[in-house]
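This report concerns only the one structure given below.
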Amino acid sequence: MSEQTLSNLMHEDRRFEPPAGLAADANVKEEAYARADSDREAFWASAAERLDWGQKWDQVLDWSNPPFAKWFVGGTINASVNCVDRHVDAGNGDKVALHWIGEPEDDTRDITYAQLKDEVSKAANALTGLGVQKGDRVAIYMPMIPEVVVAMLACARIGAPHTVVFGGFSADALASRITDCGAKVVITADGGYRRGAPSALKPAVDEAVTKLEDDELASKVLVVRRTGQDVDWDDDRDVWWHEAVDNASADHEPELHDAEHPLFVMYTSGSTGKPKGILHTTGGYLTGTSFTHWEVFDLKDDDVYWCTADVGWITGHSYMVYGPLANGATQVMFEGTPEKGRWWQIVQDYKVTLFYTAPTAIRTFMKQGREIPDAYDMSSLRLLGSVGEPINPEAYVWYREVIGGDRCPVVDTWWQTETGQIMISPLPGVTAGKPGSAMKALPGIAADVVDDDAQSVGNGNGGYLVLKEPWPAMLRTLWGDDERFKDTYWSRWKGLYFAGDGAKLDDDGDIWLLGRVDDVMNVSGHRLSTTEIESALVSHPKVAEAAVVGAADETTGQAVCAFVILRDSAGDGGEDIVEELRKHVAKEIGAIAKPRQIMVVAELPKTRSGKIMRRLLKDVAEDREVGDVTTLADSTVMDLIKSKSSGSS
Ligand code: WT7
């Protein structure tokens, strides 16, 4: 979003008051802000009371060694018990936990909490049978099928931290994650369904295994049969899920884990090439996610909740698996991707009441036209959520009117893989929403916008978004790299967590997110690192140098645009060089990282000290007049690139 668009936006004066019924009956009311301000720790302690604990904590927060936080010190808890057993014990075993909907039409399964408990218990026994012990890491590389939820909860049950790798990532990406966190076992499937056809997953695991240098890594691979496609089989390593899990006992006595026991590691892109292993622990994470899920979505017992995220991202972890299940919610889980009316058919058929998706999907539906959603009865909906990137006012208003029938509040939720839980969002029963603004930090969260000297910018000004106090679901460190954790988030200003986002406060003090200020791009709500894609490009034998920028894109928010210099030996690279390089990036990282556009250029714009000026490349990619070139070592370079770009796609 440009400065100009933003200042136009901030004069946006439409306000949407909460519906009266929702406001009267809201789970969290206005008083919560003051209550949290007067005693933040007591506020989070009462949120933690919503969960079942073994040993109660002695201390809510230990912040004696910042930035390393410990929450609910001395407490013991089991995440899977909170997500399944306790609902069954409370007499809700027959309540549907998951309305699972497969991609092939008519392929559906309803799973109750009692059934989920049995499946999780069996899987926990099976994992133990494969030699997985408390503290061992397990990698999960699966499609959106119920077994992925079972696998995660089974790991949590036995205290084996999981690392879920999105099924769209390549074998290389999987291998590097298995190596970085030292995963002993991998859980996968033969394949999943994508756009009507089976799409294999197991071959990527097989390939990843060949790249591992240590025999201890991925020594067992547990495989769910989903599509029935042929798979290569290693008798020593590979085990069928339906043999190991289905035959295991459904009795499993769970152990209580320390509140700070690692729950999972989620890899995400940073501003350098190497993905960061974000570590989340148990008690605080479960407190933060379950409480905010209940608060921000105003969850009631009879709601049908649907979060469209893939489980391979943090949204799937916090707001499909741990938050909603800890709250005993009934939810929809869909294997497919949004195609025409399929989502709205699901909303109609399952009477979905709470719906959570990303702006990129909303913008795609806008382009297709309102006739498609208008053909369905979506009167069950009562609240809509947005996450992953700034939602432009136009998309917000369309979402509200066309999907929400002008009666559902829209909650624009800002958070990150690192924060674990929603941090900035309207409260649906309290806040008069402004299209385009994520509004205010939630009760118990301290956010601000500061300048280079860490001073609050004050209303009406822009700067950097920071978090000023620890929160329960905050990342605890980067897996195996405390130094990088301190450097990345805590070194810019003393005592402040730097989120990496630019933001502005409007005249009312409400927060408008402006996107990343580092070398991280946001494509369809997914985080990609410019440096990581640059390294993938230069690993191709024909490429000498590469620079990547995120250029504004109407549908995906940002799109990956690459500028490459070929090696002399590659000549002009051949006719298909662009396609060849796009494929290479997909192979190295995954299809989501494929550049939308690659321009072969003779030079890159550099400063005298050799730094690539991405700002200028961004001007080219966004088809703008090129900005100030006076600091370039050779100011004619941009003319060359411009003349080249006008002729390319
Ligand atoms: C980055 C975090 C949070 C789960 C999905 C993405 C951007 C996220 C919003 C929002 C504006 C947003 C930020 C943030 N972002 N939500 N509501 N408005 N920007 O998680 O991959 O860790 O990415 O996504 O830039 O830093 P992630």
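Could you go through segment 284-305 and let me know if any residue there is in contact (Cβ under 8 Å) with a residue 24 or more places away in the chain and under 30 Å from residue 534 (Cβ atoms). Within segment 284-305, not a single residue is in contact (Cβ under 8 Å) with a residue 24 or more places away in the chain and under 30 Å from residue 534 (Cβ atoms).
The set of residues from segment 173-204 being farther than 20 Å from residue 592 by Cα, aliphatic (A, V, I, L, M) and over 22 Å from the mean Cα position of the chain (by Cα) comprises just one member, 185.
Quick grid of which residues meet (1) away from the ligand (no atom under 15 Å from the Cβ); (2) within 30 Å of residue 26 (Cβ to Cβ):
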{"position": "451", "(1), (2)": "yes, no"}
{"position": "464", "(1), (2)": "no, no"}
{"position": "468", "(1), (2)": "yes, yes"}
{"position": "489", "(1), (2)": "no, no"}
{"position": "498", "(1), (2)": "no, no"}
{"position": "502", "(1), (2)": "no, no"}
{"position": "507", "(1), (2)": "yes, yes"}
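Between 301, 310, the distinction of being of a type in the set (Asp, Glu), surrounded by fewer than 24 Cβ atoms within 10 Å (Cβ to Cβ) and over 17 Å from residue 83 (Cβ atoms) belongs to 310 only.
The residue that is farthest from residue 385 (Cα to Cα), counting only those in segment 409-425 that are more than 7 Å from the ligand (Cβ to nearest atom) and touching a helix residue (DSSP H, G or I) at 6+ places or on another chain (Cβ under 8 Å), is 420. Of all residues in segment 519-555, those being open to solvent by less than 50 Å² (accessible area, probe 1.4 Å), over 23 Å from residue 310 (Cα atoms) and charged (D, E, K, R) number 1. Going by what's in this entry, would residue 389 be described as touching a residue at least 24 places away in the same chain (Cβ under 8 Å), under 25 Å from residue 13 (Cα atoms) and acidic (Asp, Glu)? When the stated conditions are applied, residue 389 passes them. State which residue is nearest to the ligand (Cβ to nearest atom) when the search covers only segment 386-408 and only residues that are among the acidic types (Asp, Glu) and assigned to a helix (DSSP H, G or I). Residue satisfying both the conditions and the ranking: 394. Just one of the listed residues (63, 100, 71) is surrounded by fewer than 20 Cβ atoms within 10 Å (Cβ to Cβ), of a type in the set (Phe, Trp, Tyr) and not in a helix (DSSP H, G or I), and it is 63.
With respect to the conditions (1) open to solvent by less than 40 Å² (accessible area, probe 1.4 Å); (2) in contact (Cβ under 8 Å) with a residue 12 or more places away in the chain, residue 369 lacks only one, and its number is (2). Number of residues in segment 546-603 that are part of a helix (DSSP H, G or I) and either within 28 Å of the chain's Cα centre (by Cα) or modelled with pLDDT of 90 or more (or both): the value is 15.
Rundown of residues vs (1) buried (at least 21 other Cβ atoms within 10 Å of the Cβ); (2) closer than 30 Å to residue 533 by Cβ, yes/no style:
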{"residue": "202", "(1), (2)": "yes, yes"}
{"residue": "206", "(1), (2)": "no, yes"}
{"residue": "219", "(1), (2)": "no, no"}
{"residue": "240", "(1), (2)": "no, no"}
{"residue": "249", "(1), (2)": "no, no"}
{"residue": "255", "(1), (2)": "no, no"}
{"residue": "263", "(1), (2)": "yes, yes"}
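Exactly one residue out of 283, 273 is more than 16 Å from the ligand (Cβ to nearest atom) and at pLDDT below 95, and it is 273. Look through segment 159-200, keep the residues that are open to solvent by less than 20 Å² (accessible area, probe 1.4 Å) and assigned to a loop (DSSP other than H, G, I, E, B), and return whichever of them is nearest to residue 252 (Cα to Cα). Selected residue: 159. The set of residues in segment 508-545 that are touching a helix residue (DSSP H, G or I) at 6+ places or on another chain (Cβ under 6 Å), touching a residue at least 60 places away in the same chain (Cβ under 8 Å) and part of a helix (DSSP H, G or I) contains only 533. Of all the numbered requirements in (1) more than 16 Å from the ligand (Cβ to nearest atom); (2) of a type outside the set (Val, Ile, Thr); (3) in a loop (DSSP other than H, G, I, E, B), residue 312 misses one, and that requirement is (1). The set of residues from segment 556-575 being open to solvent by less than 30 Å² (accessible area, probe 1.4 Å) and either within 16 Å of the ligand (Cβ to nearest atom) or over 30 Å from residue 309 (Cα atoms) (or both) comprises 557, 559, 560, 563, 564, 565, 566, 570, 573. Residue 148 meets each of the listed conditions (1) over 23 Å from residue 587 (Cβ atoms); (2) in contact with a helix residue (DSSP H, G or I) (Cβ under 6 Å, 6 or more places away or on another chain); (3) open to solvent by less than 10 Å² (accessible area, probe 1.4 Å) apart from (2).
Under the condition of being part of a loop (DSSP other than H, G, I, E, B), more than 23 Å from residue 17 (Cα to Cα) and not β-branched (Val, Ile, Thr), the residues counted in segment 445-476 number 17. Scan segment 37-59 and give yes if some residue there is at pLDDT 95 or above, in a strand (DSSP E or B), over 28 Å from residue 334 (Cα atoms) and among the aromatic types (Phe, Trp, Tyr), otherwise no. Checked segment 37-59: no residue is at pLDDT 95 or above, in a strand (DSSP E or B), over 28 Å from residue 334 (Cα atoms) and among the aromatic types (Phe, Trp, Tyr).
Screening segment 604-620 for residues that are assigned to a helix (DSSP H, G or I) and over 24 Å from residue 579 (Cα atoms) and picking the one that is least open to solvent (accessible area, probe 1.4 Å) gives 616. Taking first residues from segment 219-240 that are more than 17 Å from residue 207 (Cβ to Cβ) and at pLDDT below 95 and partners that are hydroxyl-bearing (Ser, Thr, Tyr) and not in a loop (DSSP other than H, G, I, E, B), no Cβ contact under 6 Å between residues at least 6 apart in sequence or on separate chains turns up.
Considering segment 469-492, and only residues there that are of a type in the set (A, V, I, L, M, F, W, C) and open to solvent by 20 Å² or more (accessible area, probe 1.4 Å), the residue that is farthest from residue 40 (Cα to Cα) turns out to be 479. Of everything listed in (1) within 16 Å of the ligand (Cβ to nearest atom); (2) surrounded by fewer than 23 Cβ atoms within 10 Å (Cβ to Cβ); (3) hydroxyl-bearing (Ser, Thr, Tyr), the single unmet condition for residue 376 is (1).
The values are calculated or read from the model by the stated rules, or taken from the named source; none is laboratory data. Just so it is clear, the structure is predicted and the values come from calculations on it, not from any experiment. All Cβ positions, even for glycine, are placed from backbone atoms using ideal geometry, and neighbour counts span all protein chains on display. The area values use the complete protein model at the heavy-atom level, side chains included, leaving out ligands, DNA and RNA. Shrake-Rupley method; radii C 1.70, N 1.55, O 1.52, S 1.80 Å.
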